[in-house]
Amino acid sequence: MAFLKVRKAVIPAAGMGTRFLPATKATPKEMLPLVDKPLIQYAVEEAVAAGCTEIIIVTGRNKATMEDHFDKSPELEASLIARNRPALLEIAQSVTRLARIVYTRQAEPLGLGHAVLQAKELIGDEPFAVILPDDVVDCTVPCMKQMVEAFDRTQSSILASEVVDREAISHYGCLDCTPDPEDKRLLDVRDMVEKPKPEEAPSLNAIIGRYILTPRIFEMIENIKPGAGGELQLTDAIKALLQYEKVYGFCYTGKRHDAGDKFGFLKATVDFALKHNELGPKFREWLKSQQF
């Protein structure tokens, strides 16, 4: 059997961002900055660090600024050259060199499974990563890189997981799983439950926004029944995949921020600002000086 490698990543970015209105009325939520980089760039950089050479961003209407962000900007570059600002010029140009990025449109917001399905023809017959830009994971070794290393050993679909409080499990997909005896970071998945009641959850292992999926997932998405609002849920497709293939949860090392939520975004901003090489020390001193 041929050894499979993860070369491509899908980043769903077609949502309307209603939780951040009015900021997202004309600006994509994925372009909101954590300190000095937009959310979408953190996702692309994580995919690149994991070895992905082709990034597929699933967009929707009013998302053109994302494409502009990763494209060359001749006017900006010419201005920085004329003003002798080489450091800023390198920052601007480095964004365009991150990876080969292609775009596909999701005409209607019909669920995460439907968004992933839009990348089918671009993925072809190979495994791929899925990174949700709302989940920003701060790790020494990038989360997806950790997962790719696990995929290289298992050659199976892998879902990033973290243990959450029992009351919080009702907000997540939940794994019915047992730890792998040879690697405690791997969870052998028997079943999945979407947003269970806390008292009915089979575990506290929640699925977060990082996946590595085999191409068979597209067949599963095409054959599941739509849920509420006509949406195709990725969790339902992965449950169907369990009938044919092994699926593992993966306990990554790192700190996740839910940047799709206003409060989570604020916490992420503070954490990333404190770690910023230039701004961190000044920001820390300012925080200490405030009378909260």
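The values are calculated or read from the model by the stated rules, or taken from the named source; none is laboratory data. Model, not experiment: these values are computed from the prediction. So basically every Cβ, Gly included, is an ideal-geometry build from the backbone, and we count neighbours across all protein chains shown. Areas reflect the complete protein model, heavy atoms only, side chains present, ligands, DNA and RNA absent. Shrake-Rupley method; radii C 1.70, N 1.55, O 1.52, S 1.80 Å.
The table for this structure:
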{"item": "Set Glu90, Glu75, Glu67, Glu121: member being surrounded by fewer than 19 Cβ atoms within 10 Å (Cβ to Cβ), within 30 Å of Val189 (Cβ to Cβ) and among the acidic types (Asp, Glu)", "result": "Glu121"}
{"item": "Single condition Tyr248 does not satisfy, out of (1) more than 22 Å from the chain's Cα centre (by Cα); (2) under 29 Å from Gly124 (Cβ atoms); (3) of a type in the set (Ser, Thr, Tyr)", "result": "(1)"}
{"item": "Those residues of segment 99-111 which are at pLDDT 95 or above and open to solvent by 40 Å² or more (accessible area, probe 1.4 Å), in sequence order", "result": "Tyr103"}
{"item": "Checking Asp188 against (1) closer than 25 Å to Lys145 by Cβ; (2) touching an Asp or Glu at 6+ places or on another chain (Cβ under 6 Å); (3) without any contact (Cβ under 8 Å) to a residue 60 or more places away in the chain, the condition it does not meet", "result": "(3)"}
{"item": "Residue count for segment 192-218, restricted to those that are open to solvent by 40 Å² or more (accessible area, probe 1.4 Å) and over 22 Å from the mean Cα position of the chain (by Cα)", "result": "4"}
{"item": "Selection count where residues are of a type in the set (Val, Ile, Thr) and either open to solvent by 80 Å² or more (accessible area, probe 1.4 Å) or modelled with pLDDT of 95 or more (or both), scope segment 223-264", "result": "3"}
{"item": "Any hit, segment 49-63, residues being open to solvent by 40 Å² or more (accessible area, probe 1.4 Å), of a type in the set (A, V, I, L, M, F, W, C) and at pLDDT 95 or above", "result": "yes"}
{"item": "Number of the exception - Tyr172 against (1) modelled with pLDDT of 95 or more; (2) over 14 Å from Ile11 (Cβ atoms); (3) hydroxyl-bearing (Ser, Thr, Tyr)", "result": "(1)"}
{"item": "Among the candidates Ser157, Ser170, Ser161, residue that is open to solvent by 20 Å² or more (accessible area, probe 1.4 Å) and of a type in the set (S, T, N, Q)", "result": "Ser170"}
{"item": "Per-region count, segment 6-33, residues assigned to a loop (DSSP other than H, G, I, E, B) and either under 29 Å from Ser157 (Cα atoms) or within 16 Å of the chain's Cα centre (by Cα) (or both)", "result": "9"}
{"item": "Segment 17-38: number of residues that are buried (at least 20 other Cβ atoms within 10 Å of the Cβ) and charged (D, E, K, R)", "result": "2"}
{"item": "Spans of strands (runs of 3 or more DSSP E) in segment 125-174 with at least 2 residues of a type in the set (Asp, Glu) and under 17 Å from the mean Cα position of the chain (by Cα)", "result": "135-138"}
{"item": "Conditions (1) touching a Ser or Thr at 6+ places or on another chain (Cβ under 8 Å); (2) within 26 Å of Gln146 (Cβ to Cβ); (3) open to solvent by 40 Å² or more (accessible area, probe 1.4 Å); (4) without any contact (Cβ under 8 Å) to a residue 40 or more places away in the chain: number failed by Ala2", "result": "(1)"}
{"item": "Among the candidates Glu182, Glu167, Glu149, residue that is of a type in the set (D, E, K, R) and modelled with pLDDT of 95 or more", "result": "Glu149"}
